[in-house]
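**Student:** Would you mind keeping the following structure in view while I ask a few things?
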Amino acid sequence: MTEATTPATAANHRILKDDYASEWMGLRVLDYEPGRVTVQMELRREMLNGFGIAHGGMVFAFADSAFAIACNPPEDDGTITVAQGVDINFLRQAKAGDTLVAHAEMVHSGRSGICDIEILAQSPGEPEPRRIALFRGRSRTIRKPE
């Protein structure tokens with residue numbers, strides 16, 4: 001991994017500079033290179049629904065943040081890449097105390113793109129993480145608004 005693609009550099013990614021939602025979620029960049037990112041967060045009590053399991057909106061928001069980082073270069077190139085549409089499939093539940101990890105990868109880029117994100121959860125003491133959701137984002141690159 002080069003200096004330009006270290007997690008520390010990605011943590012200063014232009015997308016995250018003023019992304020208060022990702023900050024509130026406690027999102028951490030574990031690995032980064034353009035078009036690919038791995039992020040992590042701890043699932044807290046206030047991220048649960050009335051059944052005591054991960055709120056789908058929290059899992060979605062977590063994956064959406066990974067999507068934004070994977071789709072946009074860390075430096076300002078005069079464009080932004082935004083979601084044009086997304087699909088998410090919830091496969092299993094997660095609970096408070098679980099560590100969530102999202103692996104995002106652009107599978108097609110250009111003016112329109114496609115990014116696949118796999119979301120895993122691991123409970124303390126659990127030997128292997130379990131896949132809890134699959135997210136596919138369709139993106140569009142536009143000129144940065146003035």
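The values are calculated or read from the model by the stated rules, or taken from the named source; none is laboratory data. Just so you know, these numbers come straight off a predicted model, no measurement behind them. With ideal geometry, Cβ positions are generated from the backbone for all residues, glycine too; neighbour counts draw on all protein chains shown. Accessible surface is based on the protein model in full, side chains and every heavy atom, while ligands, DNA and RNA are left aside. Shrake-Rupley method; radii C 1.70, N 1.55, O 1.52, S 1.80 Å.
**Student:** Being open to solvent by 60 Å² or more (accessible area, probe 1.4 Å) and out of contact with any strand residue (DSSP E or B) (no Cβ under 8 Å at 6 or more places or on another chain) is the filter here, so list the residues in region 13-40 that pass it.
**Tutor:** The answer is Lys17, Asp18, Tyr20, Ala21, Glu23, Trp24, Glu33, Pro34.
**Student:** Tally the residues that are of a type outside the set (Phe, Trp, Tyr), open to solvent by less than 40 Å² (accessible area, probe 1.4 Å) and either farther than 27 Å from Ser123 by Cβ or within 17 Å of the chain's Cα centre (by Cα) (or both), restricting the search to region 41-87.
**Tutor:** 22
**Student:** On to the next question. Show the residue pairs that are 6+ apart or on different chains and have beta-carbon atoms under 6 Å apart, the first residue being within region 120-143 and over 18 Å from Phe67 (Cβ atoms), the second being small (Gly, Ala, Ser) and not in a loop (DSSP other than H, G, I, E, B).
**Tutor:** From region 120-143, the pairs are Arg130/Ala121.
**Student:** Consider only pairs whose beta carbons are under 6 Å apart and that are at least six residues apart or on different chains; among these, list those whose first residue lies in region 57-82 and is over 10 Å from Ala104 (Cβ atoms) and whose second residue is of a type in the set (Phe, Trp, Tyr) and modelled with pLDDT of 90 or more.
**Tutor:** none
**Student:** Right, another one. Quick one: is Ala104 within 15 Å of Leu43 (Cβ to Cβ), in contact (Cβ under 8 Å) with a residue 40 or more places away in the chain and out of contact with any His (no Cβ under 8 Å at 6 or more places or on another chain)?
**Tutor:** Numbers: within 15 Å of Leu43 (Cβ to Cβ): no; in contact (Cβ under 8 Å) with a residue 40 or more places away in the chain: yes; out of contact with any His (no Cβ under 8 Å at 6 or more places or on another chain): yes.
Spelling it out, it is not the case that Ala104 is within 15 Å of Leu43 (Cβ to Cβ), in contact (Cβ under 8 Å) with a residue 40 or more places away in the chain and out of contact with any His (no Cβ under 8 Å at 6 or more places or on another chain).
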